[in-house]
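A short worksheet on the structure shown next.
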Amino acid sequence: MITTENITKSYGNFKALKGISFKVPSNNITVLLGPNGAGKTTTLRILAGYLYPDYGKVEYFGQKYDENLEFKKLIGYIPENNPVYEDLEVTEYLEFVAKSYYLGKKEIKIAVERCALKEVLGKKIGNLSKGYKQRVSLAKAILHNPPILLLDEPTTGLDPNQAYQTRELIKELKKDKTILISTHILSEAEAICDNILIINKGEICASGEKESLIKQYSKNSYVLRFDGDIENKFIEMEGIKEITAKKENGETEFIIEFENDKDMRKDIINFAYEKKLPLIEFYKNKVTLDKIFSKITKERL
Ligand code: ATP
C-alpha cells in the first residue's frame, strides 16, 4: 500500500503537482492516467525517491518516505523511455544489477523465469526487440523482489502484440506486488487497471476502482436506430430526461436518457413494438473510460 498526502512539487515558478493525495492498494494495478504534462512522471519520480517533493507525505506500508533510504528496497522502478545498457548482454546486465543489490544467481534465475527471458540471455540488449527490452527492464526492477513496482509508461513504443505481452506479464506480477503504472493511453488503462487515478494539470481529479468510476459516470441511456425517417414518439414514455435524434443515410437514431436508474430495456422494446416502429439496432449506452477522461480533463467531448 502506498499513501500520499498533499504532495506539491514546483520547477522554478511552475507548480507541477498542486497538493495531490491518493492511495495505491496492495496486490492491485493502479493506473495514473493523464494527458502529456499532467504530472505523471513527476509523481513517479517522487515515489521512487529520485525527486523530493516540496511538501507532503509519502508512506509505503506505513513506513515514512523521508526518514531514511531504506524505503528504496521496497521499490522496483522503471523510468520513462526504459533506460538499459544496450552494449551488455542480458545476463551481463542482470549480473551487474544483482551485484549492486548484493544478490546472486538464485534471484537472477527467478527474475529470468518470471519475465520469460531464457532464450535471449546471451544476446546484446541493443539487439533485442522493444518488447524484450521492456522485459529486461522488468526483470531488473523485480530482481530484489520489491513489493512495489512503479512503471512509467511501460508500453510506449511497443507494437500491439508486445504491449499485450507486457501487460500480461505485469498482471502476473500483481499477485505479490503493489503496482502503479503511468500512462496517457486510455486503452492501456482500460486493459490493465483495477484502480484508476486521473491526473490533470498537477491535480488528481478522479480516483477509485475502475468499475465504480464507470458506474459513477454512467447515465441510464439507450441508443435506438430505426429504418427510415421516424417521428419521435418516445416523448410519450414516462421518466424521460433527454432525447437526442439524428437522421442520416435513411436511418433515424435516438439516444434516450431516463431520470431513474431502472433497467428500461424491456419497456423500450415493448413501446417500439406497440408503435410498430422499424427497429434495426438497440443497445444500452455504456460510458467508457475514454468519455470519463474527456469529461474530466475537459479537452474533448
Ligand atoms: P508526459 O506524459 O508528457 O511524460 P507527464 O504527465 O509525465 O507528461 P511531467 O513530466 O511530470 O508530466 O511534467 C509535468 C509538468 O512539469 C510539465 O509541464 C513539464 O513540462 C514540467 N516539468 C517536468 N520536469 C521539469 C523540469 N525538470 N524543469 C521544468 N519543468 C519540468
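FYI, it's all coordinate maths here, none of it is from the lab. Nothing here was measured: the structure is a model prediction, and the numbers come from that model. When we count neighbours, we look across all protein chains shown, and the Cβ atoms used for this are built from the backbone with ideal geometry, even at glycine.
Worth pointing out:
- Whichever lysines have a C-alpha closer than 28 Å to that of Lys233, once near sequence neighbours (fewer than 8 apart) are set aside: Lys219, Lys241, Lys246, Lys247, Lys262, Lys266, Lys275, Lys276, Lys284, Lys286
- In segment 1-97, the GluC sites (Glu not before Pro) that fall in loop regions by DSSP, at most 15 other Cβ within 10 Å: Glu67, Glu80, Glu86
- At most 14 other Cβ within 10 Å, DSSP loop - chymotrypsin sites (Phe, Trp or Tyr not before Pro), segment 1-58: Tyr50
- In this structure, Asn249 and Lys73 have a Cβ-Cβ separation that, at R0 = 51 Å, corresponds to a calculated FRET efficiency of about 0.25.
- The gain in end-to-end length when the Asp267 to Lys219 segment is fully stretched comes to 15.6 nm, 0.36 nm per residue minus the alpha carbon separation.
- Counted residue by residue at 0.36 nm each, then reduced by the alpha carbon distance between them, the extension gain from Lys275 to Val287 reaches 1.5 nm.
- Within segment 97-140, backbone nitrogen closer than 19 Å to the virtual label 7 Å beyond the Cα of Asp159 toward Cβ: 120, 126-136
- Measuring nothing but how far apart in sequence close Cα pairs (under 8 Å, 6+ apart) lie, relative to its length, segment 58-166 scores a relative contact order of 37 percent.
- Relative counts (whole %) of C-alpha pair distances in the chain, using bins that are 10 Å wide: 6, 23, 25, 19, 13, 9, 4, 1
- Where GluC sites (Glu not before Pro) fall in DSSP loop in segment 248-286, at most 12 other Cβ within 10 Å: Glu259
- By the Stokes-Einstein formula, at 1.567 mPa s and 4 °C, segment 70-141 with its Kirkwood radius over alpha-carbon pairs has D equal to 105 µm²/s.
- Net charge dipole size for the chain [Lys, Arg +1 and Asp, Glu -1 on Cβ; Debye, nearest 20]: 760 debye
- Relative contact order of the chain: 20 percent, from C-alpha pairs under 8 Å at least 6 residues apart in sequence.
- Net length available on complete extension from Met237 to Glu211 is 6.4 nm, with 0.36 nm assigned per residue and the Cα-Cα distance removed.
- With the convex hull of the Cα atoms taken as the outline of segment 123-232, the averaged projected area works out to 11.8 nm².
- Note on Glu86 and Ala191: their simple-model spin labels are 2.5 nm apart, each label 7 Å out from Cα toward Cβ.
- CD proxy at 222 nm, helix term only [per DSSP H run n ≥ 4: -39500 (n - 2.57); per residue of the chain; nearest 500]: -9000 deg cm²/dmol
- Length-normalised contact order for segment 190-301 - Cα pairs under 8 Å, 6+ apart - percent: 30 percent
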